[in-house]
Amino acid sequence: MTTFKVERWAGASPPKATKLKDILEAEGYSVFEWSDSPGTMYEPHSHDEDQSHWIISGALQLTVDGQTYTLQAGDRDFLPARTTHAAFVPGDTPVRYLIAARK
């Protein structure tokens with residue numbers, strides 16, 4: 001069984017959305033770009049498919065199993081299907097990210 005995990009960005013410069021999208025599509029995901037305003041909150045929910053969120057700019061907090069993870073530009077999560085999670089955009093900067101889904 002796959003479990004939730006976060007990969008932190010190790011690059012020297014901010015990620016390029018087109019390169020990240022190419023990587024996700026090569027992994028078999030359908031991908032679209034999304035943006036949320038500061039203070040946006042998503043109540044606990046789950047999805048029927050595996051998802052991955054890859055942050056382009058700003059920050060996104062994800063809460064999974066009572067633990068909160070703050071993803072910054074370049075960070076990526078791996079969210080298995082049916083994993084209950086909540087999200088929040090902290091601070092005063094919008095977040096831009098890729099949402100990738102695969103059955």
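Heavy-atom surface analysis with a 1.4 Å probe gives the chain a carbon and sulfur content of 52 percent of its accessible area.
Taking the chain as a Gaussian network of alpha-carbon nodes connected by springs under 10 Å, the highest mean-square fluctuation of the residues GLY66, GLY74, GLY39 belongs to GLY66.
Near LEU62, once Lys and Arg are set to +1 and Asp and Glu to -1 for all other residues with Cβ below 15 Å from its Cβ, the sum equals -4.
A simple count of charges around ARG102, restricted to other residues whose Cβ falls under 12 Å of its Cβ and scoring Lys, Arg +1 and Asp, Glu -1, yields -4. Comparing GLN51, GLN72, GLN61 in a Gaussian network model of the chain, where Cα atoms under 10 Å apart are tied by springs, the biggest mean-square fluctuation is seen for GLN61. Annotation for the stretch 28-103: chymotrypsin sites (Phe, Trp or Tyr not before Pro) lying in DSSP loop with at most 13 further Cβ atoms inside 10 Å of their Cβ do not exist. Annotation note: trypsin sites (Lys or Arg not before Pro) in the stretch 66-98 located in DSSP loop regions with a Cβ neighbour count of at most 10 within 10 Å are ARG82.
Tell me, what is the percent relative contact order of the chain, built from C-alpha pairs under 8 Å that lie six or more residues apart?
Working: 243 pairs, mean separation 42.5, N = 103.
Contact order relative to length: 41 percent.
Could you calculate the contour length gain from ASP22 to THR63, that is, 0.36 nm times the residue separation minus the distance between their Cα atoms, to one decimal place in nm?
Values: separation 41, 0.36 × 41 = 14.76 nm, distance 2.69 nm.
Full extension from ASP22 to THR63 adds 12.1 nm.
Per residue, the chain exposes 58 Å² of accessible surface when a 1.4 Å probe is rolled over the protein heavy atoms with every protein chain present.
The values are calculated or read from the model by the stated rules, or taken from the named source; none is laboratory data. In this text the structure is predicted, and so the values were computed from the model without any measurement. All Cβ positions, even for glycine, are placed from backbone atoms using ideal geometry, and neighbour counts span all protein chains on display. SASA here: full protein model, heavy atoms, side chains in, ligands and nucleic acids out. Shrake-Rupley method; radii C 1.70, N 1.55, O 1.52, S 1.80 Å.
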